[in-house]
Structure formats: C-alpha cells, structure tokens
Amino acid sequence: MSDAPPRPASATEPLRPERSLPELLSELTGDMTQLFRDEVELAKEELKQEGRKAGKAGAAFGGAAVVGLLFGVALVMTLGFMLDALLPTDRWLGFLVITLVLGAIAAVLGMRGKKQVDTIDPAPEQTIETLKEDAQWLSERRS
C-alpha cells in the first residue's frame, strides 16, 4: 500500500470511460424519449390553458345571448307600449325604435366577445420554441 495521494486526472484523460456505440445509441434514445415525453406534457398544458380561455369566451357569449334575449323581449314590450301611449303614430313605429336600440346593444356585446376570442392563441408557442431548441441540440450533438 502506498501513502501517495491520488493522481489528478490529466487534461487528456476522459472524465468518463469510453463507451461503445450501442451504449451511446441507447443513451441517446433514452434522452430523446424523455425529451419527447416532456414536450408532449408541455403541449398538453398549453392547450389546456388555451381551452380554458376559449371556455370563458364561450360562456360570455352564451350568457350575453340568454340575458340579452330575455331583456330584449321584456324591454321591447314595455317600451313599445310606452311609445304607443306617448306618440300619436302607429304602434309599429314605437316597436321599430326599440328594436334598433336593442340591435345596437347586441352589436356592442358581440364586439366584446370577439375581443376575448382574439386573445386565444391556439398554437402552443412554448412547445414550438422548445422543439426548435431540441432540434438544434440534436444537430449539435450529432456533429
């Protein structure tokens, strides 16, 4: 037994012993499989987030439609009869005025819903970016 301190690795000695081609291919395959699984999970999460946004926008459209319909019917009836009592013209003219006002309100609600839909991004941007990085990493590793 020698009491000499262990020799430091020289700059020419590899940190890991040389591995065979099948070992390297096996490691690369395992890395690629894990990378693919991670990318699929990332894509799923991004799609879930965008789906939630779409669900909220759909709920806003649905709620606006139901409430707008109920409100419109009640308002048309009330205001139409009110205008009939106030104006000495035909009854239909009062109802026409009310209908035009309701059309303007519906247009405003529709534009709000469209703004919400425009914020939805169906492409999983983060996944696309990491896939580009993965492709670059693989091309660097192969060379």
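The values are calculated or read from the model by the stated rules, or taken from the named source; none is laboratory data. Every value quoted in this text rests on a predicted model; they were computed, and no experiment measured them. Ideal geometry is used to build each Cβ from the backbone, glycine not excepted, and the neighbour counts take in all protein chains shown.
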Exercise for the section: Could you please let me know if LEU96 is on the phi < 0 side of the Ramachandran plot and touching a Phe, Trp or Tyr at 6+ places or on another chain (Cβ under 9 Å)? Expected result: no
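Please verify whether VAL66 is of a type outside the set (Phe, Trp, Tyr), in a helix (DSSP H, G or I), out of contact with any Lys or Arg (no Cβ under 7 Å at 6 or more places or on another chain) and at pLDDT below 85, treating the condition exactly as stated. Walk me through it before giving the result.
Values: of a type outside the set (Phe, Trp, Tyr): yes; in a helix (DSSP H, G or I): yes; out of contact with any Lys or Arg (no Cβ under 7 Å at 6 or more places or on another chain): yes; at pLDDT below 85: no.
When the stated conditions are applied, VAL66 does not pass them.
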Practice task
Could you tell me which residue of the stretch 75-111 is surrounded by the fewest Cβ atoms within 10 Å (Cβ to Cβ), considering only residues that are of a type in the set (Gly, Ala, Ser) and at pLDDT 85 or above?
Solution key: ALA104
Handout entry: Breaking point among (1) over 27 Å from GLY80 (Cα atoms); (2) under 27 Å from the mean Cα position of the chain (by Cα), for SER139
Key = (2)
Problem - Of residues in the stretch 130-143 being exposed (fewer than 11 other Cβ atoms within 10 Å of the Cβ) and assigned to a helix (DSSP H, G or I), the one modelled with the lowest pLDDT - result: ARG142
Fill in the blank from the handout: Per the filter on the stretch 1-43, residues loosely packed, with under 11 Cβ neighbours inside 10 Å, of a type in the set (D, E, K, R) and either in contact with a Gly (Cβ under 7 Å, 6 or more places away or on another chain) or modelled with pLDDT under 80 (or both) are ASP3, ARG7, GLU13, ARG16, GLU18
Completion exercise
Output for Cβ contacts, cut-off 7 Å, separation at least six or different chains, first residue at positive phi in the stretch 111-129, second in a helix (DSSP H, G or I) and among the acidic types (Asp, Glu), reads none
Practice task
Output the residues belonging to the stretch 102-122 that are under 18 Å from the mean Cα position of the chain (by Cα) and closer than 17 Å to GLY72 by Cβ.
Solution key: GLY113
Problem - Residues located in the stretch 87-109, provided they are in contact (Cβ under 8 Å) with a residue 12 or more places away in the chain and within 24 Å of GLY55 (Cβ to Cβ) - result: ALA106, LEU109
